[in-house]
1. Pick from segment 349-384 the residues that are modelled with pLDDT of 85 or more and of a type outside the set (A, V, I, L, M): which of them is surrounded by the most Cβ atoms within 10 Å (Cβ to Cβ)?
2. Quick one: what pairs do we get from segment 230-245, first residue not assigned by TED's automatic domain parsing to the domain that holds Ala62, second among the polar types (S, T, N, Q) and outside any helix (DSSP H, G or I), C-beta under 9 Å, 6+ apart or different chains?
3. Determine if segment 286-302 includes at least one residue that is β-branched (Val, Ile, Thr) and over 13 Å from Pro204 (Cα atoms).
4. Can we say Phe12 is assigned to a helix (DSSP H, G or I), of a type outside the set (D, E, K, R) and modelled with pLDDT of 90 or more?
5. Criterion first (of a type outside the set (Asp, Glu), free of Cβ contacts under 8 Å to residues at least 60 places away in the same chain and either over 24 Å from Asn32 (Cβ atoms) or touching a Leu at 6+ places or on another chain (Cβ under 6 Å) (or both)) does Val124 satisfy it?
6. For segment 42-61, which positions are outside any helix (DSSP H, G or I) and among the small types (Gly, Ala, Ser)?
7. Looking at this structure, is Pro204 buried (at least 20 other Cβ atoms within 10 Å of the Cβ) and either within 25 Å of Trp31 (Cβ to Cβ) or in contact with a Cys (Cβ under 7 Å, 6 or more places away or on another chain) (or both)?
8. Considering only residues that are at pLDDT below 85 and either in a loop (DSSP other than H, G, I, E, B) or within 17 Å of Pro99 (Cβ to Cβ) (or both), which ones fall in segment 25-41?
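The values are calculated or read from the model by the stated rules, or taken from the named source; none is laboratory data. What you see is a predicted model, and the numbers here were worked out from it, not measured in a lab. Here the Cβ is made from the backbone with ideal geometry for all residues, glycine too, and neighbour counts use every protein chain on show.
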Amino acid sequence: MGLQNKNQGWRFLVLPAGLSFMAAGLAIILWNWTKIWGQDFGPIYLLAKALFRGYNIYAPNALRLWWPRYVGPSLSDMAYPDFYPPSTGAALFFVGLLPFRAASLLFILVDYAVLVYGVWRLTVAFAPEWDARYRILAIGLTVFAGSVRWGFGLLQVAPLMLGLLAVFVGALTGSRPHIVEALIAGALILLVKPTFGLPILGLPILQRRFKFLVVMLGIWALINGLGFARLGGMAAAKDYISGVAGIYNKRGNSTNPYVIGSFFRIDWPALARGVGVRLKQVKVVCDALFILCILGLFWEMRRSEGFALEPATTGAFLAPLVCLTLLGVYHHDYDAGFLLAPLIVYISSAKEYWKLSGVKLFTVLVIWYAGIYMPGKVPALLHALGVGRNIIVYYEGMQGTIVITLALIASFWALHAYVSAKARGKAPLAHARGSYARV
């Protein structure tokens, strides 16, 4: 409502601007595809291939052996194992049916299509008064940010995860939720990359949809069980566990902020090392902080029991859940695009949500880091200006985690303000009125 009631004079520009951003984003994505060979997509592709062939892709050096045959030139650091669970290959099985380049193009187009539909679905749920022009503008800005900032350039699953999260939240929100659609979107997120799963688990708990949660987790467990059986049974499972346990010692995954290539991490262990926490204490400190935040969310959920099904309540919980899933579990900077889902929720009801403490700070932080900031370009500029290598690496490694931690604090602040206002009998949001049934 807030977006449409302002700047009436340039409303005719909204549709052309949205379509231009969508077209420019797709053009950049396809242009980048012609120049890259899909290092980050390779493990997913080979996992899908392995499921078709019944080959243990998790065995030591298996990825190194398969890479030159099916993907392209091998990497010098390709000694690490495939760290995606079998469910990732099962959910994206279609890529294993094609040659690598064709599969990577199809993967990009699926990413793009799901992201477009997801943003549309989310704005329908939280801004029902918007007409198509404003939804297209929201889609265009999101796609364009993704094309130049996160995920698409590396053939990562981050854009797909954002699109599926948007579908999940949109389908689960409102007086008549679309449970089957939400179940499909949520299950796909858990299957493809469970490290994005905290909002998928948290929102059903908030809404007391425990049967829904059990079915979704059952799908995840069944697909992974069948997948491990196909890849070699217990031997494959043991190789997977062993490989994942050792991956954090590899280049690009260390928590040491001074290791170039590792400064892309945005989770708390990297920040803890950067501020001087000893390596042996990092896990304890970060796990304690994560558990403390989870307990805070459960406390707010308990206070929200009388209005847990209202769309505004879902929107208020989404931001801290997204921040916490990025900070509490291993993630890189391209995963910051996940933050755009709660940002879209806040902006789609800007006039109402912005009355809550913390929302404006969250919005500024996310627009800066997930929408504008270019992780690879700024360090190059600093280097050209003569800034020392250690300073650049430390700055780049710390910035993302600090920004998302501040966003988490801001979103908790907003959530507490919302729940407190509702508990006192006030309605801080226009969406917060009405009767909602649990399905």
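1. Phe362
2. none
3. Quick first cut of segment 286-302, residues β-branched (Val, Ile, Thr) only: 291, 294.
Filter once more, so that each one left must be over 13 Å from Pro204 (Cα atoms): 291, 294.
Within segment 286-302, one or more residues are β-branched (Val, Ile, Thr) and over 13 Å from Pro204 (Cα atoms).
4. no
5. yes
6. Step one: of segment 42-61, the residues outside any helix (DSSP H, G or I) are 54-61.
Across segment 42-61, the qualifying residues are Gly54, Ala59.
7. Details: buried (at least 20 other Cβ atoms within 10 Å of the Cβ): yes; either within 25 Å of Trp31 (Cβ to Cβ) or in contact with a Cys (Cβ under 7 Å, 6 or more places away or on another chain) (or both): no.
So Pro204 does not fit the description; no.
8. Trp33, Thr34, Ile36, Trp37, Gly38, Gln39, Asp40
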